[in-house]
Amino acid sequence: MWKQVLLAASAAGATAEPIQIESATTSTNSVPGQSFISYSIELSSFPDFAGNKSNPNTFTDNLLTNIGKIIGSKPYIRVGGNTQDYALYNASLKTQINGTYDPKRSNDYPTTIYIGPSFFESYQTLPGVKFSHGFNLAKGAVSAEGWQALVETAPLACKALGRDGFYAYEYGNEPNNFNTGGKYAPRTTKWGPKDYVSEWLNGTEEIRRQMQKHCPELEPEYLEFMAPSYDDRVSSLKAQDVWGLGMDKHHNINTYSVHNYIDGATSPGVTLQHTLMNHTRTTMDVDEQVEEYKKIMALRKGKAPLIFGETNSLYFQGKPGLSNSFGAALWGLDFNMYSASAGYQRVHMHQGTNYRYQSWQPIDTEKAVKGTKAPYYGNIAAANALGNLTQGRITVSSMPLASDMEAAYAIYEGGRLRRILAINMRGYNTTKDGAGIEPLPQPDPRPSRPYSFLVANLRDRVQVGVQRLMANGSDAITGITFDGWSYNYELDNGKPVRLHNVTTGETLRANKGVVTVQVPDSSAVLLNIGS
C-alpha cells in the first residue's frame, strides 16, 4: 500500500494552476499503429525467449498475451540486433543455434554464430505474434559463406513467417556503424552510401528471389522490408543520402525503422534522475528522429511509416541499478507515450538474455534468474494508457509541464477524451545507495504532488477511475504493480495476479471541470474519464 505526504500546492513542480485539456480532438498526426507496444529480441537470444515446438516458452507467451489483451493485438517481435550480422547457417546443425563468445568483443552475446534449421521453429511458438527476421548484411554481401546463408535461410524464413506471422524482413543491423573503423568493423572507412545501397539492393533482391521460388503462394506485400535500421548516434552513411540514392526504388520497404538509446551504460555522468527520469532528454531524442524522417520522406523516393525498430534506455545492454529499476519503467512509459504523440507507429523495446534493460529474463542462467523485470510494468502501463488500438482511432497528445521530471498525456478515442496520464519522475529511493537491494532502515517520507486537469465541457461530479503504477521507489527492482496487478513469473508464470495489499478501486469526482489527483514521487497515475 502506498503512503503519501501531501505537500503545499506551491511546492516545486506541483501544478498550482490546472492543466487545460480539450475534451475532443480532430488531430490525425498522433495515431499509434496496431501493436504499438512491441519488442526487439537479439537474434542469438530468440530461442531462449521463444523456445521450440517441443518446449515453447509459455512465460514469454503469457507476457505478450497480457499486452495483447489490452491493446487488441499481441506485440510484434523484431528478431535481429548486433548478432544478426554475425549469424551464418549450418544445415546440419542439430541445435537451434551454436554461439561462441569472445570476451574481447562482448560478454553479452556470442560473436561467432551458426543457426540451424530448427532455429526457425521459434517463430511457431508464439501464436498471434507477427515477426521480422533479420538477415546478415555484414557478411552476406562480401563473403561466399555469408551469401550462401542468405540463399539457404530466405526460404526457411518465408515458410516460418508466411502471411500470419509476417510484418517485415530486415537486411542488416545499424549499417551506419559498418565503416566507422576499428579492428572488428565489417567495412573500411571508404565504404560509402552508394556502396551500402548497392549491397542492400543486391541482397534484398536475392532474398525475394529465393522466397518467390520457395514460397510462391505469398503475395509481394509479404516479402517486404524495414530499413534502414540506423544507429541514431552515428553520422556515417547519412540516411538522406541512402534514401535519395533509391534504396526503395522497388517500393518494397514497408516500414522506416530507426534505432535509439538515451545514452550509454558506460557513458560518464549517466544517472537515473538526469538521464532516464528526464522528460526533456526523451523529447529531444524522439523529436530529432521525427525531423530527420520528415526530411527523408520529403525526398519523395518512397514512403513508409516511422517506427523505433530497436530502442531502450542505455546502449551496451543497460546498466544495473538504472536500466533494471522502477525508474526505468517510468522512463519507458514516458518514452512510449511521447513517441505515440510524436507520430511513431510502433516502438520495439530491445532485449536479450541477461541484458540489464530487458522487460523479462526468459530462462534461468548463471547470470540472471528467470522473471518479470521492472521495465515490463512500464510497458503494461503504456498499453493501458493507449487502450485497444484495433477499435476506433486512438490519438495521444503530450501536455507541456513545468519540470523535466514530469510528463502528462491526454488520450482520445474517436476524438473524445477518455484517459489522462500523469507521470511524476522525481526520484525517491528506499534502498542503500539507490541500488535496489538493501532497504534503508528509515527512508524519508515519500512526497506526493497534486496534478489538476481542467477538462473543457466535462460534466460536473463525473466519476474518474484511478489506476496507479507503483513501487517502493525509483530504485526498486521488485514489488512493482499496475493497478494492483503483478505479472511476476513466480506467481502464475507471468499471468496477471491481483495483490490484496495494494490499494485499488480509487475514484475521484470532477469539480467544475477540474480533476485533481495526488501523484507520489516516482510513480504514475492513469485517470479514466467517465462519460
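The values are calculated or read from the model by the stated rules, or taken from the named source; none is laboratory data. Since this is a predicted model, take the numbers as computed values, not measurements. So basically every Cβ, Gly included, is an ideal-geometry build from the backbone, and we count neighbours across all protein chains shown. Calculation scope for accessible area: heavy atoms of the full protein, side chains included, ligands and nucleic acids excluded. Shrake-Rupley method; radii C 1.70, N 1.55, O 1.52, S 1.80 Å.
Between E224 and Y169, the built amide H atoms are under 5 Å apart, and every one of these is 5 or more places off in sequence or on another chain.
A straight Cα-to-Cα reach below 21 Å connects K213 with the lysines K159, residues fewer than 8 places away in its own chain not being considered. Restricting the calculation to Cα atoms, the chain shows an Rg/Rh of 0.97 when the hydrodynamic-style radius is the Kirkwood one. Only Lys, Arg, Asp and Glu carry charge here, each on its Cβ (+1 for the first two, -1 for the last two); on that basis the chain has a dipole of about 720 debye about its Cα centre. Say the dipole of the chain comes from +1 at the beta carbon of Lys and Arg and -1 at that of Asp and Glu; which of S118, F46, Y487 then lies farthest toward its positive end? It is Y487.
Rolling a 1.4 Å probe over the heavy atoms of the protein chains gives the stretch 275-346 an accessible area of 33 Å² per residue. The phi-based Karplus calculation (6.51 cos²θ - 1.76 cosθ + 1.60; θ = phi - 60°) puts the 3J(HN,Hα) values of the stretch 126-143 at 10, x, x, 9, 9, 10, 10, 10, x, 9, 8, 7, 4, 9, x, 8, 10, 9 Hz, whole numbers, x for Gly and Pro. Evaluated with a Cβ-only charge set (Lys, Arg +1; Asp, Glu -1), the stretch 131-188 carries a dipole of roughly 100 debye about its Cα centre, given to the nearest 20. So for the stretch 103-218, taking the charge dipole from beta-carbon charges (+1 Lys/Arg, -1 Asp/Glu), which of N176, A157, Y109 sits furthest toward the positive end? Working it through, the farthest residue towards the positive pole turns out to be N176.
Using a cutoff of 8 angstrom between alpha carbon atoms and counting only pairs six or more residues apart, the relative contact order for the chain works out to 18 percent. Using heavy atoms of the protein chains and a probe of 1.4 Å, the accessible area assigned to D483 is about 20 Å².
Computed from backbone phi with θ = phi - 60° and the Karplus coefficients 6.51, -1.76 and 1.60, the 3J(HN,Hα) list for the stretch 52-58 is 9, 4, 7, 9, x, 7, 5 Hz; x is used for glycine and proline.
Run the dipole for the stretch 440-531 about the Cα centre, Lys and Arg Cβ at +1, Asp and Glu Cβ at -1, nothing else charged, and hand back the magnitude in debye, nearest 20. Please report the intermediate quantities before stating the final value.
Values: 9 positive and 8 negative charges, 99 e Å.
Roughly 480 debye for the stretch 440-531.
Taking amide hydrogens as placed 1.01 Å from N in the peptide plane, the amide H of F135 sits under 5 Å from those of E170, Y171, G172, each at least 5 positions away in sequence or on another chain. Packing here is the average count of other Cβ atoms within 10 Å per residue, and on that basis the peptides 74-84, 171-181, highest first, run 74-84, 171-181. Contact order for the stretch 216-259, expressed relative to its length and based on alpha carbon pairs under 8 Å spaced 6+ residues apart, stands at 63 percent.
For the chain, the residue among T507, A87, H274 whose Cα projects farthest onto the positive side of the dipole built from Cβ charges is T507.
Restricting to DSSP loop positions (anything but H, G, I, E, B) with no more than 14 other Cβ atoms inside 10 Å of their own Cβ, which trypsin sites (Lys or Arg not before Pro) remain in the stretch 484-531? Present the calculation step by step, with values, prior to reporting the outcome.
Working: sites: R498, R509, K512; in loops: K512.
Those that pass, being in a loop and sparsely packed, are K512.
Here the accessible area is traced with a 1.4 Å probe on the protein chains. For the chain, carbon and sulfur cover 48 percent of it. Within the stretch 25-48, find all residues whose amide N lies under 20 Å from a label point positioned 7 Å from the Cα of T58 along Cα-to-beta-carbon. Within reach of a label on T58: 47-48.
Converting phi to 3J(HN,Hα) with the Karplus coefficients 6.51, -1.76 and 1.60 and the offset θ = phi - 60°, the stretch 78-90 yields 8, 9, x, x, 3, 6, 5, 8, 10, 7, 10, 10, 10 Hz in sequence order, with x at every glycine or proline.
With a cut-off of at most 15 other beta carbons within 10 Å, and DSSP calling the residue loop, which chymotrypsin sites (Phe, Trp or Tyr not before Pro) in the stretch 78-139 qualify? Please list them. Could the numbers behind the result be given before it?
Values: sites: Y86, Y89, Y101, Y114, F119, F120, Y123, F131, F135; in loops: Y86, Y101.
Filter output for the stretch 78-139: Y101.
Placing a pseudo-label 7 Å from each Cα along the Cα-to-Cβ vector at E413 and R498 gives an inter-label distance of 2.0 nm. In loop segments of the stretch 239-318 as defined by DSSP, the trypsin sites (Lys or Arg not before Pro) with at most 15 further C-beta atoms inside 10 Å of their C-beta are K249, R300, K303. Considering helices alone, the calculated mean residue ellipticity of the chain at 222 nm is -7000 deg cm²/dmol, with DSSP H runs of length four and up weighted by -39500 (n - 2.57) and normalised per residue.
Can you give me the C-alpha center-to-center distance between the stretch 361-383 and the stretch 87-138, rounded to a whole angstrom? About 21 Å separates the Cα centre of the stretch 361-383 from the one of the stretch 87-138.
Given a cut-off of 15 Å, what percent of all Cα-Cα pairs of the stretch 453-531 lie beyond it? Don't jump to the answer; show the numbers that get you there.
Numbers: 1875 of 3081 pairs.
Summing the P(r) of the stretch 453-531 above 15 Å gives 61 percent of all pairs.
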